[in-house]
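Student: Below is a structure I'd like to ask you about.
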Amino acid sequence: KDKPVLVYCLSGGRSSSAAALLGEKGFSEVYNMQGGLMKWKAANKALENGSGPEASSGLSSEDFEHLIHKEKYVLVDYNAKWCVPCQHMAPMLESFAEKRKDKLSLVKIDADQNKSLFKEKNIESIPVLELYKDGQLIWKHEGELDEPALVKETKL
């Protein structure tokens with residue numbers, strides 16, 4: 001407990017909790033990597049990977065542009081399966097989109113399957129929501145959000 005401990009995860013959320021727990025358990029020197037590996041990679045810092053398989057590059061910029069150029073509003077949910085706030089928001093976002101299906105489409109983009117797009121859009125943490133109309137970004141939110149706040153902020 002008297003040696004330095006470095007804690008990190010992909011987005012920084014789980015490592016923050018782990019670092020706090022280690023501090024409570026008496027570890028004297030705990031360092032948490034704020035923003036996790038996503039922020040590290042977004043800053044173009046070097047990262048040594050193991051020999052595991054590389055994830056697919058996912059959506060291209062052209063694919064993404066095609067998704068957001070619709071007559072309806074398009075709500076883009078940048079998320080990951082392992083992201084607890086993303087998991088909390090998923091049912092609410094599905095319900096929100098279903099109630100507005102005549103004027104809104106929900107597009108979910110997974111961080112692990114779309115690393116190139118995340119880097120290109122400079123998304124360093126999740127969840128992130130973006131609202132597009134006719135291909136133009138009209139609203140963006142970073143972090144967890146409940147439905148009343150989403151309705152208020154997007155005016156939908």
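Student: For the range 103-156, compute Rg over Rh where Rg is the Cα radius of gyration and Rh is the Kirkwood radius from the inverse mean 1/r over Cα pairs. Could the numbers behind the result be given before it?
Tutor: Values: Rg = 11.9 Å, Rh = 12.4 Å.
The Rg/Rh ratio comes out at 0.96.
Student: Work out the charge dipole of the chain with +1 on the Cβ of Lys and Arg and -1 on the Cβ of Asp and Glu about the Cα centre, then indicate which of Tyr31, Ala80, Leu131 is farthest towards its positive end.
Tutor: Tyr31
Student: Right, something else. Taking springs between alpha-carbon atoms closer than 10 angstrom, which of Ser105, Ser61, Ser125 fluctuates most in the Gaussian network model of the chain?
Tutor: Result for the chain, Cα springs under 10 Å: Ser61 fluctuates most.
Student: Can you list the HN-Hα couplings for the range 146-153, worked out from phi with the Karplus curve (6.51, -1.76, 1.60; θ = phi - 60°), rounded to whole Hz and with x for Gly and Pro?
Tutor: Residue by residue, the range 146-153 yields 9, 5, x, 5, 4, 4, 5, 6 Hz.
Student: Please work out how much length the chain gains when fully extended from Glu65 to Asp112, using 0.36 nm per residue of separation minus the C-alpha to C-alpha distance, in nm with one decimal.
Tutor: On the way: separation 47, 0.36 × 47 = 16.92 nm, distance 1.95 nm.
In short, 15.0 nm is gained.
Student: Enumerate cysteines in the chain without a disulfide-compatible partner, where compatibility requires another Cys Cβ under 4.7 angstrom.
Tutor: Cys9
Student: A further question on this structure: With charges set only on the Cβ (+1 for Lys and Arg, -1 for Asp and Glu), what does the dipole of the range 38-156 come to about its Cα centre, in debye to the nearest 20? Working shown, then result.
Tutor: Numbers: 18 positive and 21 negative charges, 45 e Å.
For the range 38-156, the charge dipole is close to 220 debye.
Student: Additional query: Using the alpha carbons of the range 1-144, what is the convex hull volume per residue in cubic angstrom, as a whole number? Before the final figure, lay out the partial values.
Tutor: Values: hull volume 18.0 nm³, N = 144.
Per-residue hull volume (Cα only) is 125 Å³.
Read the figures in this text as sums done on the coordinates, not as results from a lab. It should be emphasised that the depicted structure is a prediction, and the values quoted were computed from it without experimental measurement. With ideal geometry, Cβ positions are generated from the backbone for all residues, glycine too; neighbour counts draw on all protein chains shown.
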